[in-house]
Amino acid sequence: MKKEGKADSGQVRAEYARHVVPSYKRPATAPVLVRGKGARVWDAEGREYLDFGSGIAVNCLGHAHPRLAGVMKRQAEELVHVSNLFFHPKQAELAGELVGRTGPGKIFFCNSGAEANEAMVKAARKAGVTQGRYEIITTLNSFHGRTLGMIAASGQERLREGFGPVMPGFVHVPYNDLGAVEKAMGPRTAAVMIEGIQGEGGVIPATPEYLLGLRKLTQEQGIYLLMDSVQCGHYRTGRFQSYEKILEKTGGGNGFVPDAVSMAKSLGGGFPIGAVWLGEKLADVLGPGTHATTYGGTALACAVALEVLKIIDEEDLAKNIDRMGEELKSGLGKLSGRGWVGEVRGFGGMVGVTVKGKSHAEVAETLAKAGLLVVPAGSDVLRFLAPYSVSMEEVREAVKKVESTL
Ligand SMILES: Cc1ncc(COP(=O)(O)O)c(C=O)c1O
């Protein structure tokens, strides 16, 4: 039945099969989504879902936020794109906002998380070139994107299979293991790159000791600490950066400043934009002609990202997602040990639940049928990536939907 009047799901699925490259693990029965509002989306048959996938940690303000729609229309009518051979005020303003929230430094704008990481790694390599330092230490189970560079950087062999020869210059060590990083460091090491919380790897937060230890170790060696904040950054944990959240209770949060931070996903609230903050030591390393992307920091993308930040500030959404995350963890925690629900971990809008005795993909499909969208991660984890504006009622409803599948 074609209730939404916009799409025939059977036909859409058939067209995907015929014309869309089959590179995504999209279940054959996945809903055909046609409309969204806040934390909810509707499929072509008019079925309603609570969206705790948020387009994989992207739609931080939920769907169809009127202010985002408004800024898109206004900016599109004024100026969408000019090349980076010129200036425009929105890029200047957004760069200032991101520097103000991260630390002294500069911003390079791009379009995705993988691109932000590429720029971050290029900056570290360029800075190390005179000393012959080019190697980047990353962690096992990490995910940094799907470009040839970032599949080499990611600590997951399956991403590289069939795409060799693999780009050299990356060393992988176990996560949350400071000794392993120390052992892997050598005269060629340029930087250490980690996620504050491993996302695709299964919502595994760095420990405070690991973060502080890495900062000390990299400073002692005169090399760089690069944070991939593509998924866990931009207030997803209730703080602008996941490391601020993780270090909140140690008192070390404010003194901890990495050398670079990559951003994407929630930065544009659904509109594609990526960025990398380069701290003072790296800020001027990428000189004229060394790095570029045509669409980096368009007027439209920057206007949207600025509005996202304004809304988060004005509606106090960082505090909201912090509280809602605690509520969700507490609700899911009460189910822990029942049916498939195992350990519950994470913060705010990045909560992971381990799945016991069943495949996590199967459970995600069952939850979708019950009207709750979540995202599988790692080998046995489901991610609950709620929008920052999610309400207490919606969190409780999500927990009830989980309980209904037990
Ligand atoms: C931590 C992390 N880094 C990088 C990426 C790649 O981002 P994108 O898909 O925008 O290239 C992702 C995407 O899931 C991610 O989670």
Q: Find the centroid of the Cα atoms in the range 29-81 and in the range 83-139, then give the distance between the two in whole Å.
A: 28
Q: Calculate, for GLN219 and ARG160, the FRET efficiency according to 1/(1 + (r/R0)^6) with r their C-beta to C-beta distance and R0 30 Å; round to the nearest 0.05.
A: 0.45
**Q.** Unsatisfied cross-links (Cα-Cα over 21 Å) in the set LYS216/LYS249; LYS73/LYS310; LYS106/LYS183; LYS249/LYS400; LYS356/LYS401; LYS334/LYS356
**A.** LYS106/LYS183; LYS249/LYS400
Q) Along the three principal axes, how long is the range 304-391 when you take its alpha carbons, biggest first, rounded to the nearest angstrom? A) 43, 24, 23
Q: Please list the equivalent ellipsoid semi-axes of the range 67-314, computed as the square roots of five times the alpha-carbon gyration tensor eigenvalues, in descending order and whole angstrom.
A: 29, 20, 17
**Q.** Cβ crowding within 10 Å averaged over residues, with 8-21, 345-358, 302-315, 229-242 ranked highest first
**A.** 229-242, 345-358, 302-315, 8-21
Q) What is the helix-to-structure angle for 89-102, meaning the angle in degrees between its Cα long axis and the longest Cα principal axis of the chain, kept from 0 to 90 and rounded to the nearest 10? A) 80
Q) What full-extension length gain, to one decimal in nm, is calculated for MET167 and THR405 as 0.36 nm per residue of separation minus the Cα-Cα distance? A) 81.3 nm
Q: Considering Cα pairs under 8 angstrom that are at least six residues apart, work out the relative contact order of the chain and quote it in whole percent.
A: 22
Q: Could you please rank GLU280, GLU403, GLU244, placing first whichever residue has the fewest other Cβ atoms within 10 Å of its Cβ?
A: GLU280, GLU403, GLU244
(Q) Testing the spin-label approximation: label points 7 Å from Cα along Cα→Cβ at ALA14 and ARG396. State their distance in nm. (A) 4.5
Q: Treating only the Cβ atoms of Lys and Arg (+1) and Asp and Glu (-1) as charged, compute the dipole magnitude of the chain about its Cα centre; round to the nearest 20 debye.
A: 560
**Q.** Computed helical MRE - 222 nm, the chain, DSSP H runs ≥ 4 contributing -39500 (n - 2.57), nearest 500
**A.** -11000 deg cm²/dmol
**Q.** Using a Förster distance of 30 Å, the FRET efficiency for ASP316-THR147 (Cβ separation, nearest 0.05)
**A.** 0.25
Q) Where does the charge balance sit around SER330 when Lys and Arg score +1, Asp and Glu -1, over other residues with C-beta under 11 Å from its C-beta? A) +2
Q: Work out from phi, with θ = phi - 60° and the Karplus expression 6.51 cos²θ - 1.76 cosθ + 1.60, the ³J(HN,Hα) of each residue of the range 156-171, listed in order in whole Hz, and give x for Gly and Pro.
A: 9, 4, 4, 6, 8, 4, x, 10, x, x, 6, 4, x, x, 10, 10
Q: Please determine, in degrees from 0 to 90 and to the nearest 10, the orientation of helix 299-314 with respect to the longest principal axis defined by the Cα atoms of the chain, where the helix direction is its Cα long axis.
A: 70
Q. What's the local net charge at THR250, with K and R +1, D and E -1, over the other residues with C-beta under 15 Å away?
A. +2
Q: Would you mind calculating the gained length between SER330 and GLU182 on full extension (0.36 nm times residue separation, minus the Cα-Cα distance), in nm to one decimal?
A: 49.6 nm
Q: Could you please report the charge total around ARG101, scoring K, R as +1 and D, E as -1 over all other residues with beta-carbon less than 11 angstrom from its beta-carbon?
A: -2
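Every number here is computed from the coordinates shown, using simple stated rules; none is lab data. As the structure is a computational prediction, the values presented were derived from the model and not from experiment. All Cβ positions, even for glycine, are placed from backbone atoms using ideal geometry, and neighbour counts span all protein chains on display.
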